[in-house]
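Read-outs throughout are calculated quantities, based only on the coordinates presented, and are distinct from any laboratory measurement. All values reported here derive from a predicted model rather than from experimental measurement.
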């Protein structure tokens with residue numbers, strides 16, 4: 001039978017221009033599952049600061065919870081606990097400049113929460129773990145929260161068991177994702193949804209104080225975006241913890257990325273018109289990322305467990321001030337895109353499709369377009385390293401050849417903390433610094449705990465048994481990889 | 001969904017004024033759009049345009065039913081389409097592949113219904129939903145309407161609905177369909193193009209190439225385009241011989257895919273992909289741009305069609321495969337895998353398919369197997 005009974009549509013606009021109605025003021029008190037500020041039971045996922053920016057400086061959220069009074073939008077509707085069809089009707093009949101405030105409690109969703117064709121929308125709950133959108137009964141292939149809208153903010157709620165992506169925001173601008181949890185109940189389950197928090201083709205996005213776990217691809221996935229600040233989030237139990245993909249101008253700091261297959265990664269995919277550049281990865285904790293890869297497929301299934309960070313087909317990336325610990329394969333790998341796609345033509349984009357200004361980037365190009373497989377201008381310095389590189393992921397030669405190669409190469413030896421595939425270098429020599437080129441300008445700082453290896457992967461793959469003695473493993477300062485580095489261009493979240 | 005009666009039930013309560021005007025004004029007035037003057041069908045909603053007599057739809061005067069040559073698959077639902085132009089208006093023939101530019105106030109009605117047994121599509125019918133597209137000042141507006149269990153009336157349902165529907169399948173076995181009436185915002189997912197940086201909602205079906213076929217309005221079969229021209233709705237129609245014609249699915253009914261010659265197979269498969277996939281997978285739709293996979297009729301570059309192309313963000317939808325299409329090997333092709341699978345989170349299309357369309361899967365498999373080349377791995 002139809003499961004979309006709606007008692008009365010008029011609840012939708014109950015707060016619209018009329019903030020002192022019973023619905024809005026009584027709020028959380030009316031619910032069967034009242035929101036409380038439970039101290040002792042709080043996990044760290046609920047420790048994040050209550051959302052405040054939308055309230056016009058009024059951060060005095062009381063124990064009564066968030067109401068329409070706390071949200072600076074012209075229109076507002078408060079949806080009582082569990083009124084799923086009221087929520088969906090509200091989302092489908094929004095005016096510009098509106099807020100939906102969600103009561104505490106669990107919402108048994110039967111379809112995605114979608115936002116379309118409107119500008120200036122806030123969806124705000126009573127906090128992660130307090131307001132839970134539960135998609136476990138959805139029988140159709142939809143995302144949890146699915147948005148195409150400029151000036152969209154989502155805060156303070158949990159998105160549980162979404163069939164596809166938990167939160168997908170596509171082709172939009174000026175997005176804030178704050179205090180949102182995206183998770184699935186089962187660990188290591190390849191049938192979990194793909195991405196937790198997924199802004200894709202977004203201009204100007206701020207993601208902070210979020211938690212993403214158990215995604216079968218990436219927990220936090222910033223894809224094809226321009227100007228992204230990603231800070232103070234937690235990603236754990238995912239295949240990839242935090243991904244910055246084909247993204248321009250990213251500032252990624254203060255995040256805790258642990259217990260994923262791979263931790264915090266920066267890369268471009270082939271043939272994408274957003275050429276990644278200027279990503280600053282600093283002051284994150286990236287540890288214990290050794291979870292066996294449980295991705296059902298795709299490029300992410302090729303990632304070896306035990307990877308702290310890799311940057312691949314990337315340019316202008318600075319990795320500094322991070323704490324790396326106990327990532328069993330390697331803390332940091334600097335890789336050419338040709339590692340995953342060896343055909344350069346697949347990395348080609350015609351000039352007219354290119355997004356953003358890339359004229360200052362030194363990409364391989366012909367008169368009609370550019371290739372983005374090359375990794376260049378990567379500066380790794382000032383990170384701390386401990387306990388990593390003890391056992392590479394050798395679980396599958398066919399699926400994860402890079403992990404297998406590293407494992408065979410190093411044998412019982414501890415794997416170097418910073419690995420460079422050397423693809424695209426004009427000269428390589430196992431011992432003589434003067435006979436190694438640094439054409440791609442990979443700069444590695446001489447810090448405590450850092451060891452560096454220029455692998456010359458193309459040569460290794462021709463050897464019957466990869467020989468560690470053919471690898472260039474210089475003593476500090478790693479000449480010629482001891483270059484001075486550069487400043488990344490910071491993201492600018494001010495709307496144009 | 002929102003029973004119309006509740007409009008009155010809630011009358012007198014406070015806080016109701018806004019919503020009445022924003023959500024139900026046109027439904028209550030019975031008006032049919034700018035300047036049209038149609039007789040409402042007694043006792044029925046949907047702007048008085050559409051009723052159901054238990055066997056077939058009853059349309060108000062002036063509403064013209066039509067069919068598409070290659071219809072979009074929607075969980076084996078039967079579909080009935082109809083068009084209404086405001087009196088005295090018309091639209092011009094602008095080519096075979098573009099959706100007609102309809103006049104303001106145009107309405108398109110698309111109803112979805114199920115027979116108890118898919119092998120007997122004329123019997124024991126139940127209407128599930130009707131989607132209403134109306135061309136307003138700021139573009140097409142899409143509305144889902146859900147019918148009651150007796151198929152006697154429909155109600156505007158902005159949040160759509162979900163329903164488990166059980167029918168007898170084409171193979172004679174029970175078939176359980178997780179039917180989704182899209183919520184209003186989900187209509188956009190299949191109907192939105194980005195044209196000159198503006199998001200624009202467009203209908204999918206009403207292109208000349210899809211309408212160029214016969215329809216019996218009661219006095220024998222006539223060509224639908226000629227019928228629209230006779231009504232004065234369509235101007236500038238060239239000689240029919242000059243109008244391209246999409247593969248007529250009716251002509252292929254009962255013909256085994258294996259019996260199709262190469263040319264017919266290519267045309268049928270490309271038309272199938274065009275109507276079923278290209279509303280998202282085209283260079284002007286968000287999902288098309290994100291995935292860089294373009295399955296519209298106008299795309300000819302093999303890589304853009306998915307040949308030896310790695311998926312952008314297919315998640316679990318790859319089935320462990322590497323390329324969207326591997327020529328000659330449908331079982332190695334993600335495109336085929338996502339059409340074939342019934343695993344939630346891996347299927348394509350996203351909406352409107354909870355079960356496999358056996359014929360479409362077979363058709364696309366044969367087409368892939370007929371492609372030449374290899375992906376070098």
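Remarks
- When you work out D = kT/(6 pi eta Rh) for the range B:225-301 at 20 °C and 1.002 mPa s, using the Kirkwood radius from C-alpha pairs as Rh and the Stokes-Einstein form, the result is 145 µm²/s.
- Of all beta bridges that DSSP places with both ends in chain A, some 5 percent have antiparallel geometry.
- Using only Cα coordinates, the Kirkwood hydrodynamic radius of chain A works out to 23.4 Å.
- Helical runs (DSSP H, four residues minimum) scored at -39500 (n - 2.57) apiece and divided by the length of chain B put the mean residue ellipticity at 222 nm at -5500 deg cm²/dmol.
- Centroid-to-centroid separation of the range B:286-346 and the range A:266-304 [C-alpha atoms, Å]: 21 Å
- Each semi-axis of the equivalent ellipsoid for the range B:251-370 is √(5λ) with λ an eigenvalue of the Cα gyration tensor; in descending order they amount to 21, 16, 14 Å.
- Of all DSSP bridge pairs formed entirely within the protein assembly as shown, close to 30 percent run antiparallel.
- Scaling the Cα radius of gyration of chain B by the globular reference 2.2 N^0.38 Å produces a ratio of 1.02.
- In the range A:79-146, Cα pairs under 8 Å separated by at least six residues give a relative contact order of 36 percent.
- Over chain A, DSSP H runs of length four or greater, each weighted -39,500 (n - 2.57), average out per residue to a 222 nm ellipticity of -1500 deg cm²/dmol.
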